[in-house]
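The values are calculated or read from the model by the stated rules, or taken from the named source; none is laboratory data. This structure is a prediction, so every number in the text was calculated from the model and none was measured. So basically every Cβ, Gly included, is an ideal-geometry build from the backbone, and we count neighbours across all protein chains shown. These accessible areas exclude ligands, DNA and RNA; they are computed on the full protein's heavy atoms, side chains included. Shrake-Rupley method; radii C 1.70, N 1.55, O 1.52, S 1.80 Å.
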Amino acid sequence: MPPSDDLFGAVAPPPPAVEPAGHRPLADRLRPAILADVVGQDHLLGPDGTLTRMLDRGSLASLILWGPPGVGKTTIARLLAAQAHLHFVQLSAVFSGVADLKRAFDDAAKRRRTGQGTLLFVDEIHRFNRAQQDGFLPVVENGTVTLVGATTENPSFALNGALLSRCQVLVLRRLDDAALDLLLTRAEAELQRSLPLTDEARATLRAMADGDGRYLLNMAEQIAALPPATAKLDVPALSTLLAKRAALYDKDREEHYNLISALHKSLRGSDPDAALYWFARMLAGGEDPRYIARRLVRFAAEDIGMADPNALPQALAGWETYERLGSPEGELAIAQVVLYLGTAPKSNAVYTAFGQARRAAKATGSLMPPAHILNAPTKLMKTLGYGAGYEYDHEAEEAFSGQNYFPDGMAREQFYRPRDRGFEREIGRRLAHWAELRAKRQDGE
């Protein structure tokens, strides 16, 4: 009898050949065997962690694991399956299509009929389109699979709402310095030798990993491959040997918006040093300086406004200088704008006033201007009272007539309320003086 090809046939497949440990990448050899060995995710796996409580209750929900590369998403999914006694199936959204999903769902349904549950792990789940994501809904909802999706993208943008409503999103943190140092210690125990690094170079190695444990171990493996008699590497020697990990930055993804938000809020908080840092981070990530220049112009209008009327011309001048010089020379002009805006007095009074005026305009519909401020180029219009009673302000006392310029039937409103900062302090004095003159004129009438 040939071996049964039934998924649950009595004939077991031959065990896979065990690859010698020395032939496996160090990161794979150090993959944790139990959840307690996963580093850097205590908020999920510690004594009071979310996943710990789920497993203690025996109710593992479908999950979306959101975090940067190299923090343990795949490892955690494998260990969750083992801890919950679920059959582990792994797919990658990069290489899988509808046929692969259907096969996985059908196999999971067969297991379910025998009492065996399935944990379906989908790496890069955000790469599935909306129709493919919808395919998960029935099997997640009826319990055919416990879905664990891994993504480096913000699920709010990358996954559809129907799938998100059926899964719990858990955020995995980039590995901090302590977690990375623990990984290096484990690597040295596995390699049975210390890495030939000075203390400063060891710290630099952790910094080069930028929170990615897998990348750290790959670099450690390169260092361990040096001849045993190699002298300890200092920071310059380490930098020569290894390439620094590229900073996480995708101009079309969430990190793009995170960093521009950090730049904007640092400027608003009048912290020019932090703003300059985020500007440099965006440039290092490959951001188009024109995009940053455009956002700085917006900031000048939104968050400084009339508190420093020179902010907007400065922002435009920096943008124009970059257009003339290009990179890298023109970037210095944008850096100057960042410092100017960061140190300028702040006011959102213009931004707030414009928003209030737009709401008022929408609410009042098509009210006409008062007749006295309408031009009367024809006899009919003069007959209708256009322009009657208009006072020419330049001929009025203090060049201020105090007439009403709002529509008839609409009460006067104050939209613009200058702050007592920067140039707006002087504007506030002017407005207060004009308000006093207006009130006197109205009392005189």
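Go through region 210-255 and give me each residue that's part of a helix (DSSP H, G or I) and at pLDDT below 80.
Of all residues in region 210-255, those part of a helix (DSSP H, G or I) come to 213-224, 235-241, 254-255.
Those that are part of a helix (DSSP H, G or I) and at pLDDT below 80: GLU254, GLU255.
With the checklist (1) surrounded by 19 or more Cβ atoms within 10 Å (Cβ to Cβ); (2) assigned to a loop (DSSP other than H, G, I, E, B) in hand, flag the one item VAL94 doesn't pass.
Among (1) surrounded by 19 or more Cβ atoms within 10 Å (Cβ to Cβ); (2) assigned to a loop (DSSP other than H, G, I, E, B), the lone unmet condition for VAL94 is (1).
Is there a residue being within 30 Å of LEU296 (Cα to Cα), β-branched (Val, Ile, Thr) and in a helix (DSSP H, G or I) anywhere in region 347-357?
Kept after step one, since they are within 30 Å of LEU296 (Cα to Cα), are these residues of region 347-357: 347-357.
In the following step, the residues that additionally are β-branched (Val, Ile, Thr) were identified as 350, 352.
Checking which are in a helix (DSSP H, G or I) leaves us with 350, 352.
Looking through region 347-357, at least one residue is within 30 Å of LEU296 (Cα to Cα), β-branched (Val, Ile, Thr) and in a helix (DSSP H, G or I).
Return a yes/no flag: does region 415-432 have any residue that is of a type in the set (Gly, Ala, Ser), over 30 Å from LEU267 (Cα atoms) and surrounded by 13 or more Cβ atoms within 10 Å (Cβ to Cβ).
The answer is no; no qualifying residue exists.
If you check ALA315 against the conditions, is it open to solvent by less than 20 Å² (accessible area, probe 1.4 Å), farther than 30 Å from GLU221 by Cβ, at pLDDT 95 or above and within 25 Å of the chain's Cα centre (by Cα)? Lay out the reasoning, then the answer.
Details: open to solvent by less than 20 Å² (accessible area, probe 1.4 Å): yes; farther than 30 Å from GLU221 by Cβ: yes; at pLDDT 95 or above: yes; within 25 Å of the chain's Cα centre (by Cα): yes.
It is true that ALA315 is open to solvent by less than 20 Å² (accessible area, probe 1.4 Å), farther than 30 Å from GLU221 by Cβ, at pLDDT 95 or above and within 25 Å of the chain's Cα centre (by Cα).
Filter region 303-312 down to residues that are outside any helix (DSSP H, G or I) and touching a residue at least 40 places away in the same chain (Cβ under 8 Å) and give me whichever is least open to solvent (accessible area, probe 1.4 Å). Don't jump to the end; show me each part of the working.
The first filter runs over region 303-312 and keeps only residues outside any helix (DSSP H, G or I), leaving 308-310.
This time we only want the ones that are touching a residue at least 40 places away in the same chain (Cβ under 8 Å), so: 308-309.
Values: ASP308: 26, PRO309: 58 Å².
Across region 303-312, the extreme among qualifying residues is ASP308.
Can you tell me which residues in region 208-235 are touching a helix residue (DSSP H, G or I) at 6+ places or on another chain (Cβ under 9 Å) and more than 24 Å from ASP37 (Cβ to Cβ)?
LEU226, THR230, ALA231, LYS232, LEU233, ASP234, VAL235
Residues to consider are ALA349, ALA360, ALA333; find the one that is modelled with pLDDT of 85 or more, touching a Pro at 6+ places or on another chain (Cβ under 6 Å) and not aromatic (Phe, Trp, Tyr). Give the derivation first.
Details: ALA360 fails: touching a Pro at 6+ places or on another chain (Cβ under 6 Å); ALA333 fails: touching a Pro at 6+ places or on another chain (Cβ under 6 Å).
ALA349 is the lone residue from the list that is modelled with pLDDT of 85 or more, touching a Pro at 6+ places or on another chain (Cβ under 6 Å) and not aromatic (Phe, Trp, Tyr).
Might you let me know whether region 426-433 holds any residue that is under 20 Å from TYR351 (Cα atoms) and touching a residue at least 60 places away in the same chain (Cβ under 8 Å)?
Checked against the condition, which is being under 20 Å from TYR351 (Cα atoms) and touching a residue at least 60 places away in the same chain (Cβ under 8 Å), region 426-433 yields at least one hit.
Scan region 25-65 residue by residue and report those that are in contact (Cβ under 8 Å) with a residue 60 or more places away in the chain, under 21 Å from ALA178 (Cα atoms) and among the hydrophobic types (A, V, I, L, M, F, W, C).
LEU26, ALA27, LEU30, VAL39, LEU44
State whether one or more residues within region 332-340 are assigned to a loop (DSSP other than H, G, I, E, B) and of a type outside the set (Asp, Glu).
Step one: of region 332-340, the residues assigned to a loop (DSSP other than H, G, I, E, B) are none.
No: region 332-340 contains no residue that is assigned to a loop (DSSP other than H, G, I, E, B) and of a type outside the set (Asp, Glu).
Tell me which of these ALA150 doesn't satisfy, since it passes every other one: (1) buried (at least 19 other Cβ atoms within 10 Å of the Cβ); (2) assigned to a helix (DSSP H, G or I).
(2)
Looking at LEU325, LEU332, LEU316, which one is in contact (Cβ under 8 Å) with a residue 12 or more places away in the chain, among the hydrophobic types (A, V, I, L, M, F, W, C) and farther than 28 Å from PRO407 by Cβ?
Working: LEU325 fails: in contact (Cβ under 8 Å) with a residue 12 or more places away in the chain; LEU332 fails: in contact (Cβ under 8 Å) with a residue 12 or more places away in the chain.
Exactly one of LEU325, LEU332, LEU316 is in contact (Cβ under 8 Å) with a residue 12 or more places away in the chain, among the hydrophobic types (A, V, I, L, M, F, W, C) and farther than 28 Å from PRO407 by Cβ, namely LEU316.
Conditions tested, residue by residue: (1) open to solvent by 30 Å² or more (accessible area, probe 1.4 Å); (2) in contact with an Asp or Glu (Cβ under 7 Å, 6 or more places away or on another chain); (3) modelled with pLDDT under 90.
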| position | (1), (2), (3) |
| --- | --- |
| ILE34 | yes, no, no |
| GLY49 | no, yes, no |
| SER59 | yes, no, yes |
| TRP66 | yes, no, no |
| LYS73 | no, no, no |
| ILE76 | no, no, no |
| PHE88 | yes, no, no |
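Have a look at GLY285, GLY387 and point out the one that is modelled with pLDDT under 85, within 21 Å of PRO407 (Cα to Cα) and surrounded by 15 or more Cβ atoms within 10 Å (Cβ to Cβ).
After ruling out the rest, the residue left standing is GLY387.
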